[in-house]
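First up is the structure itself, then whatever we jot down about it.
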Amino acid sequence: MDHKEMAAREAVKYIEDGMIVGLGSGSTASIAIKLIGEKVKGEGIDIIGIPTSRASDLLGRAVGIKIGELDDHPHVDITIDGADEVGPRLNLVKGLGGALLREKIVAAATQLELIVVDESKLVQFIGQKSPLPVEIAKFSHKTTMLRLASLGCSPVLRMIGDAPYVTDNGNYIADCRFQKIADPAAMEIKIDHIPGVVESGLFIGLTSRVIVGSPSGIRILEKQCML
Ligand code: 5RP
C-alpha cells in the first residue's frame, strides 16, 4: 500500500460517531477524506466535516460527508491534515498546496490535530527541504516581499503560468527559501509582524500527533518525540 494511504488509513480510525472533523488539504489529506466518506457510508456514523479549502469542501461533499462551517462548530474534535515538513517538536511547514490560512484557523480550533505524511516529510530542521509559504495581501505585495527578504530568505511570488497564484481567500503566496529556520517560533512572530502578511505556513505547537507511513509500517510521533 502507498505510504500516504497507510498514514491516512491509520488516522481515520480515530474518527467516531458524532464528531466534528476537520478536513485537511493536499494529496494525503484527500486520501483521508475519501476514506472518511467510506467510513460514513459503511458504518453509518454521523459526523460533520469542516473543510480547510474549497477543494476539500468539494471532495468531502462528493464522498458523502455532511459539511459544516467552523463558525457554527467552533470546537473541532479531530482534524486530519498533511504537511510539507515535519521538524523537531512536531513543528511544521505547510502551504505548498496553498491552503495554509484555513488549515491554520481550523488547526487552532482542533482538539486532536493529526498530521499524515510519508517519511519524505521528516526533516532535521525547518526549512531543510521546503520553502516557507507565506500568504500575503495583493496590495503592495512587492513591498511585503522585500520585508520578508530582510528576515534572511529569498521570497518568490507563486505563479500559475503567467499569472500569480491566488488563494481561496483572494491573496497571493510568497514562497520564502531560508537556509535554515533555527527558531521557528521566533520566526513566526517576526513574519506575522510584517504589514501585508496574512499568515505564514509555520505551524508551531498545533500538532498533537504525526502519523508516518513508511516501508516498515506506521510510526506515530508524539509531541515529546525528537526526530
Ligand atoms: C496544503 C498543505 C498540505 O497539507 C501539504 O502541502 C501536504 O500536501 P501533500 O499531502 O499533497 O504532500 O499544507 O496547503
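Toward the positive end of the charge dipole of the chain, about the Cα centre and with charges on Cβ (Lys, Arg +1; Asp, Glu -1), which of VAL76, ALA11, ALA149 goes farthest?
My answer, from the dipole projection, is ALA149.
Once you have the Cα-Cα distance between ALA108 and SER214, take 0.36 nm times their residue separation minus that, and quote the gain in nm to one decimal.
Here the answer is 35.4 nm.
Considering only protein heavy atoms, what per residue accessible area in square angstrom results for the chain with a 1.4 angstrom probe?
That works out to 46 Å² per residue.
Tell me the Kirkwood hydrodynamic radius of the chain in angstroms, computed as one over the mean inverse distance between distinct C-alpha pairs.
Computed over Cα pairs of the chain, the Kirkwood hydrodynamic radius comes out at 17.7 Å.
Given charges of +1 on the Cβ of Lys and Arg and -1 on the Cβ of Asp and Glu, with all other atoms neutral, how large is the dipole of the range 132-196 about its Cα centre, in debye to the nearest 20?
240 debye
Hey, rough spin-label estimate for ARG177 and MET159, points 7 angstrom out along Cα→Cβ, what's it come to in nanometres?
That separation, rounded to one decimal, is 1.5 nm.
So how many Lys-Lys pairs in the range 1-102 land under 24 Å Cα to Cα, not counting same-chain pairs under 8 apart?
Value for the range 1-102: 14.
Under 10 °C and 1.306 mPa s, how fast does the range 132-196 diffuse according to Stokes-Einstein, given a Kirkwood radius computed over C-alpha pairs? Answer in µm²/s, whole number.
After rounding, the answer is 131 µm²/s.
Calculate what fraction, in whole %, of the accessible area of the range 1-126 sits on carbon and sulfur atoms when a 1.4 Å probe is rolled over the protein chains.
Its accessible area is 49 percent carbon and sulfur atoms.
Against the longest alpha carbon principal axis of the chain, how many degrees, from 0 to 90 and to the nearest 10, is the axis of helix 27-43 turned?
20 degrees
The values are calculated or read from the model by the stated rules, or taken from the named source; none is laboratory data. On a predicted model such as this, the values are computed, not experimentally measured, just so you know. Note that we place each Cβ from the backbone using ideal geometry, even for glycine, and neighbour counts take in every protein chain shown. All accessible areas refer to the heavy atoms of the entire protein, side chains included, with ligands and DNA or RNA removed. Shrake-Rupley method; radii C 1.70, N 1.55, O 1.52, S 1.80 Å.
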